[in-house]
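Below is one structure. I have some questions about it.
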Amino acid sequence: MTATRLDPAVAAPPRTRPALIALLALFAVTTVHHLYGGLALDSPNRLLVPVLVALPVAAAVTALVIFRRTGRRAAVRTYATIALALAVLLGIVHSAYSHVYKDVVFLTGAPAELYVLLNPDEHFPPDDVFFELTGVVELGAAIAVAVTAIRLLRSSSGRRTGGGRSAAGALE
């Protein structure tokens, strides 16, 4: 009996593990950062962030599990939409501005007005190394989420449609 070679496009489903790991890493860093900030900086509003972020993370993980089990394109699109929204909000809006930009302004000796003008309620100058480092690491985790979500979305295109299972789905 001769072995038949399957087309690589249907031989294996897209890998979801990197996307899951990146998303959970972003959630973990965000949680540590905001819980620490809430307690160490006496800022109770920060303590709510992990709870608020948990909801879209749970929805994204659910969509990823559904995609892995069924191959439904709508599930991977849902995952990617949520993951990319989190990457933008936590990575660009929060980390890049509230930490990376603030730290660059401070470390370069630029006038505080360059930062405080846009965010007058935030503490400046930065005064807690752990808080600032975890805030900067959040950007790296957000970039990983964006990259893995886009890769997963691209690798899943053309494999399966919204409701049916393809040959790849039959092999799972």
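The values are calculated or read from the model by the stated rules, or taken from the named source; none is laboratory data. Quantities reported herein were computed from a predicted structural model and do not represent experimental measurements. Note that each Cβ is placed from the backbone with ideal geometry, even for glycine, and that neighbours are counted across all protein chains shown. Accessible surface areas use protein heavy atoms only, side chains included; no ligands, DNA or RNA. Shrake-Rupley method; radii C 1.70, N 1.55, O 1.52, S 1.80 Å.
Out of all the residues in segment 65-76, is one or more modelled with pLDDT of 95 or more and within 18 Å of E138 (Cβ to Cβ)?
For segment 65-76, residues modelled with pLDDT of 95 or more and within 18 Å of E138 (Cβ to Cβ): absent.
One line per residue, one yes/no per condition, for (1) open to solvent by 70 Å² or more (accessible area, probe 1.4 Å); (2) within 10 Å of the chain's Cα centre (by Cα); (3) over 30 Å from E132 (Cα atoms):
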position	(1), (2), (3)
P18	no, no, no
V88	yes, yes, no
S98	no, no, no
V104	yes, no, no
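Can you work out which of the residues in segment 113-129 that are charged (D, E, K, R) and surrounded by 10 or more Cβ atoms within 10 Å (Cβ to Cβ) is nearest to H33 (Cα to Cα)?
Checking each candidate, the answer is D128.
Right, V93: open to solvent by 60 Å² or more (accessible area, probe 1.4 Å) and at pLDDT 95 or above or not? Full working, then the answer.
Working: open to solvent by 60 Å² or more (accessible area, probe 1.4 Å): yes; at pLDDT 95 or above: no.
Answer is no for this residue.
Also: Scanning segment 20-70 for residues that are surrounded by fewer than 18 Cβ atoms within 10 Å (Cβ to Cβ) and touching an Asp or Glu at 6+ places or on another chain (Cβ under 7 Å), which turns out nearest to H94 (Cα to Cα)?
L41
Of the conditions (1) under 16 Å from F131 (Cα atoms); (2) hydroxyl-bearing (S, T, Y); (3) in contact (Cβ under 8 Å) with a residue 60 or more places away in the chain; (4) open to solvent by less than 20 Å² (accessible area, probe 1.4 Å), Y79 satisfies every one except a single condition; which number is it?
(1)
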